[in-house]
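Down below is the structure, laid out as structure tokens.
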Amino acid sequence: MRDKINSIQIQAENDLSDCSTIEDIENLRVKFLGKKGQITLLYQNIKDVAPEDRPQMGQFINDLKQKITSAIVNVKDRIEKNILQKRLEQEAIDVTLPGRSSGFGKIHPLAKTMRSVIKIFQSIGFSVAQGPEVETEYYNFDALNIPSYHPARDMQDTFFLENGKLLRTHTSPVQIRVMENRTPPVRIIAPGRVYRNEAINARSYCLFHQVEGFYVDSSVTFSELKGVLGYFAKELFGEDSKIRIRPSFFPFTEPSLECDVSCFLCSGKGCRVCKKTGWLEILGAGMIHPAVLRSVGYDSSQVQGYAFGMGIERITMLLYGINDIRLFFENDLRFLSQF
Ligand code: DAH
């Protein structure tokens, strides 16, 4: 029995020195200390020893078990430290390396124009209002003096929704929503998205942005409208800009006009962008139709107003010489990072 204990001790020492992985150690533990391990077997064999020698043998086996157990802990500890050391070396981070820059975002060209336009009107007393993009026929058409039988409804191709509502085709319904809730004077600018069911090409897209403006008070005149539009053109397109107004038709204004700005590329001499005319069309406007004022409960004999509406895509295309409206919506960084 004594020899057996010694030889197990030698074997354990040899095996331990061969261990290089956690798995090796675990196998070793099973081999010596497991249920059928060599030490366990020694305890079972103790019954074959003469009774008077048993306590001493028991003591030997206990000592050996103790040695192997603590050796396993030590070797395991060493292996784990090695593994950790290797990992730390592999995953080492050089904190002195320069960081990777994530690049700066840019403001979308449409947002830039939108902000400039809003700022110009805010500087002369307009405040910003917004309305829903999902509208009713009443706000988008009827209240704006466009009854269902009126051919003007076909001027704007509409996306109708299943719930009987529609996607607003212009920002003009915000006029109605604001006036319904306020008494004159109201001086409002209403920026937002609008939708049209049109074929998509370089000139038109199914969604775009407008800025609507209107002013209602007890003595608003056509010449004030002219003055405001002239001021706006100079602020946005440059001090030398001039405006020209032409008669037009919108159901919600009477009289109605379209406003051109002198071409800022050729200073009015005539070029490719202004199609040799020297003028660029930038917005529609007019004096608010009395029927519109009446639809919100205003007394059209006591108050008047003017209104105007402009397309932000068109103005941005003119400002930057962009020839395809789809570029605004493709989110191509090569395009967007130029602004
Ligand atoms: N709502 C018109 C459109 O989308 C634009 C417009 C024209 C708005 C004249 C106005 C206006 O307020 O007075 O075509």
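The values are calculated or read from the model by the stated rules, or taken from the named source; none is laboratory data. As the structure is a prediction and not an experimental result, all values here were calculated from the model. We place every Cβ from the backbone using ideal geometry, glycine too, and count neighbours over all the protein chains shown. When the accessible area is computed, the model is the full protein with side chains, heavy atoms only, and any ligands, DNA or RNA have been set aside. Shrake-Rupley method; radii C 1.70, N 1.55, O 1.52, S 1.80 Å.
Annotations for the structure displayed:
- For the stretch 288-339, taking the residues that are under 26 Å from Ala233 (Cα atoms), out of contact with any Gly (no Cβ under 6 Å at 6 or more places or on another chain) and among the β-branched types (Val, Ile, Thr), the one that is modelled with the lowest pLDDT is identified as Ile322.
- Cβ separations smaller than 8 Å between residues 6+ apart or across chains give the following pairs from the stretch 238-249 residues that are within 19 Å of Thr113 (Cα to Cα) and open to solvent by less than 100 Å² (accessible area, probe 1.4 Å) to residues that are in a loop (DSSP other than H, G, I, E, B) and of a type outside the set (Val, Ile, Thr): Gly238/Phe264; Ser241/Phe264.
- Within the stretch 129-149, the set of residues being surrounded by fewer than 18 Cβ atoms within 10 Å (Cβ to Cβ), modelled with pLDDT of 95 or more and part of a loop (DSSP other than H, G, I, E, B) comprises Gln130, Pro132, Glu133, Thr136.
- Applying a threshold of 7 Å to beta carbon distances and a minimum spacing of six or more residues, or different chains, the list of pairs starting in the stretch 38-56 at a residue that is exposed (fewer than 14 other Cβ atoms within 10 Å of the Cβ) and ending at one that is among the hydroxyl-bearing types (Ser, Thr, Tyr) is empty.
- Residues in the stretch 278-305 that are within 12 Å of the ligand (Cβ to nearest atom) and touching a Phe, Trp or Tyr at 6+ places or on another chain (Cβ under 9 Å): 10 in all.
- Residue check, Gly227 free of Cβ contacts under 8 Å to residues at least 40 places away in the same chain, open to solvent by 20 Å² or more (accessible area, probe 1.4 Å) and on the phi > 0 side of the Ramachandran plot: no
- Residue among Glu235, Glu258, Glu281 that alone is within 24 Å of Leu110 (Cα to Cα) and in contact with a Pro (Cβ under 9 Å, 6 or more places away or on another chain): Glu258
- Of all residue pairs spaced 6 or more apart or on separate chains, those with beta-carbon atoms under 8 Å, a first member in the stretch 299-328 that is assigned to a loop (DSSP other than H, G, I, E, B) and a second member that is more than 13 Å from the ligand (Cβ to nearest atom) and polar (S, T, N, Q) are Gln302/Ser218; Val303/Ser218; Ile322/Thr316.
- Matching residues in the stretch 194-219 - criterion: being buried (at least 20 other Cβ atoms within 10 Å of the Cβ) and either farther than 26 Å from Lys112 by Cβ or among the aliphatic types (A, V, I, L, M) (or both): Val194, Val211, Val216
- Screening Cys263 against (1) farther than 25 Å from Val228 by Cα; (2) surrounded by 14 or more Cβ atoms within 10 Å (Cβ to Cβ) leaves a single unmet condition, (1).
Yes/no matrix, rows are residues, columns are (1) within 16 Å of the ligand (Cβ to nearest atom); (2) in a strand (DSSP E or B); (3) of a type in the set (A, V, I, L, M); (4) in contact with a Cys (Cβ under 8 Å, 6 or more places away or on another chain):
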| position | (1), (2), (3), (4) |
| --- | --- |
| Val228 | yes, no, yes, no |
| Asp240 | no, no, no, no |
| Pro247 | yes, yes, no, no |
| Glu254 | yes, yes, no, no |
| Phe264 | no, no, no, no |
| Val273 | no, no, yes, yes |
| Lys276 | no, no, no, no |
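- The set of residues in the stretch 167-210 that are in a helix (DSSP H, G or I) and of a type in the set (Asp, Glu) contains only Glu180.
- Within the stretch 280-292, residues that are within 19 Å of Thr221 (Cβ to Cβ) and in a strand (DSSP E or B) sit with their Cβ atoms under 7 Å from residues that are near the ligand (Cβ under 9 Å from one of its atoms) and among the acidic types (Asp, Glu), at 6+ positions apart or across chains, in these pairs: Gly284/Glu258.
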